[in-house]
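Peer 1: Structure below; questions to follow.
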Amino acid sequence: EGDETGVMDSLMEALQSGAAFRDRRK
Amino acid sequence: LSSQEYVHELRSGISEDKLLNCLESLRVSLTSNPVSWVNNFGHEGLGLLLDVLERLLDKKQQENIDKKNQHKLIQCLKAFMNNKYGLQRILGDERSLLLLARAIDPKQTNMMTEIVKILSAVCIIGEENILDKILAAMTIAAERNNKERFAPIVEGLENHEAQQLQVACMQLINALVTSPDDLDFRIHLRNEFLRCGLKKILPELKETEELDIQLKVFNENKEEDSIEL
């Protein structure tokens, strides 16, 4: 599982789509 | 080249075009090789990459080649941290965030776009007191140029000729402002951005379609916070 790449790419996609901000504190 | 050969090259003090070629080759290797390779390189390689970046940022007179090398270094760091191991290593080295913040330059729009996206991504992973570390890095970096800490971000947001940079800057604002659990701290950060120039430019930003999603996020969170208040 530690060998999984694309971590930053998926974080950046979540930011781009706005998904990263939905219910951030729930 | 093997990871150790890159370490040797970076340690040998190469510069200018030779450094640029080495970094581009390293970027490709960090992107395409397995995480174990990145892991091997990272033991000594991360520190060396940060050393080179710091040396370039400390140069009084920055030539064009220096800016290209800075940009390439940012791309190498992003490739390095594109897996759990590299991300943990970067977050473990306190210089990383400070050097990333110091490399922010609104005149270098492509590089700033990539840096701001990296900072936004790091901000939302939920690592303990990561928000404080990012804010501290931005404060120290801005003080070196006698600027307010958020001024470069608002300046990037104003650049209508660089829409990717505008979107990245709005993402970082949203990432920072939605991070605190404490309502007062969220309001404090939002107000700091508004005072720093965001209030003045918000009306015109609505014209830029690419910003719709991020402006919607910004307004929704502002609304939720005022209801909570």
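The values are calculated or read from the model by the stated rules, or taken from the named source; none is laboratory data. Keep in mind that what you see is a predicted model, and the values were worked out from it rather than measured. Every residue, glycine as well, gets a Cβ built from its backbone with ideal geometry; the counts of neighbours run over all protein chains shown.
Peer 1: When you go through (1) under 17 Å from B:GLU54 (Cα atoms); (2) assigned to a helix (DSSP H, G or I); (3) not β-branched (Val, Ile, Thr) one by one for B:GLY13, which number turns out not to apply?
Peer 2: Condition not satisfied by B:GLY13: (2).
Peer 1: Hey, another quick one. Identify all residues within the range A:1-16 that are facing chain B (nearest Cβ under 7 Å) and within 19 Å of B:SER179 (Cβ to Cβ); write none if there are none.
Peer 2: A:VAL7, A:MET8, A:LEU11, A:MET12, A:LEU15
Peer 1: Taking helices (runs of 4 or more DSSP H) that do not extend beyond the range B:28-106, which have at least 3 residues that are within 24 Å of B:VAL154 (Cα to Cα) and either at pLDDT below 95 or within 14 Å of chain A (Cβ to nearest Cβ) (or both)?
Peer 2: Once the helices (runs of 4 or more DSSP H) in the range B:28-106 are filtered for at least 3 residues that are within 24 Å of B:VAL154 (Cα to Cα) and either at pLDDT below 95 or within 14 Å of chain A (Cβ to nearest Cβ) (or both), what remains is B:64-80.
Peer 1: Evaluate the following for B:ILE201: is it within 13 Å of chain A (Cβ to nearest Cβ), surrounded by fewer than 19 Cβ atoms within 10 Å (Cβ to Cβ) and among the hydrophobic types (A, V, I, L, M, F, W, C)?
Peer 2: no
Peer 1: Surrounded by 12 or more Cβ atoms within 10 Å (Cβ to Cβ) and not in a loop (DSSP other than H, G, I, E, B), is that true of B:GLU127?
Peer 2: Here the answer is no, as B:GLU127 does not meet what is asked.
Peer 1: Here is a further query. Any chance the range B:8-21 includes a residue that's touching a residue at least 24 places away in the same chain (Cβ under 8 Å), over 30 Å from B:ASP132 (Cα atoms), surrounded by fewer than 17 Cβ atoms within 10 Å (Cβ to Cβ) and basic (Lys, Arg)?
Peer 2: Yes, that holds for at least one residue.
Peer 1: Of all residues being over 11 Å from the mean Cα position of the chain (by Cα) and more than 7 Å from every other protein chain (Cβ to nearest Cβ) in the range A:17-26, which is modelled with the lowest pLDDT? Just the residue, please.
Peer 2: A:LYS26
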